[in-house]
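The next block holds one structure in the form of structure tokens; read it before the comments.
A short reminder: the numbers here are calculations on the coordinates, not readings from a lab. Since this is a predicted model, take the numbers as computed values, not measurements. Here the Cβ is made from the backbone with ideal geometry for all residues, glycine too, and neighbour counts use every protein chain on show.
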Amino acid sequence: MLTDSRSIDCRIAIVRVRPDAINDTVTGLIATAAGSSQQRSQQALRIYRDNSAAKLLTAVIDHKTVGVVGYAEGQSEVTLLHVATAEQVRRRGVGSRLLAEVRCSAPPGVPIVGETDKDALGFYSATGFVITSLGDKYPGVERFRVHIDSRAR
């Protein structure tokens with residue numbers, strides 16, 4: 001049982017996942033980030049199988065996958081595709097550690113950007129991202145752009 005958030009960070013291993021090695025736990029975490037519908041989850045998984053620029057990292061504690069971040073490296077920006085952590089480790093640094101790994105692997109001077117809903121704004125703000133409203137991208141659903149530039153890394 002994870003009880004002390006200060007000791008979690010040193011126990012987190014970050015592992016890159018090959019598209020052919022995506023298991024049920026990773027699929028479930030991606031579904032959490034993408035939306036729980038089967039269609040959205042399958043579309044999300046297809047990104048990692050079909051796009052060589054898309055990378056998928058997992059956070060592992062005690063041999064258990066507890067978080068995932070997916071991103072795509074482009075020439076002008078790194079785009080966050082999915083970020084999710086298992087419920088039992090939320091607010092304990094797992095998501096922050098995953099984003100730190102993306103920041104470290106991003107080419108110098110290339111911003112990291114993403115899109116999210118209002119529920120995740122506190123997380124992105126706490127990890128140094130700047131937030132901009134995109135307005136109601138879908139009827140009644142406000143979306144936000146999050147970004148961090150190289151000076152904030």
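Structure summary
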item	result
Packing-based order for 18-26, 95-103, 56-64, using average beta carbon neighbours within 10 Å, highest first	95-103, 56-64, 18-26
Volume per residue that the Cα convex hull of region 100-153 spans, once the total is divided by residue count, Å³	72 Å³
Virtual spin-label span in nm between Asp117 and Arg40, 7 Å along Cα→Cβ	0.6 nm
Unit Cα scatterers, Debye sum, the chain: log10 I(q)/I(0) for q = 0.16 Å⁻¹	-0.91
Helix-only [θ]222 nm of the chain, DSSP H runs n ≥ 4, -39500 (n - 2.57) each, per residue, nearest 500	-8500 deg cm²/dmol
From phi via Karplus (6.51, -1.76, 1.60), per-residue ³J(HN,Hα) for region 90-106 in Hz, x at Gly/Pro	5, 6, 10, x, 5, x, 4, 5, 5, 5, 4, 5, 4, 4, 5, 8, 5
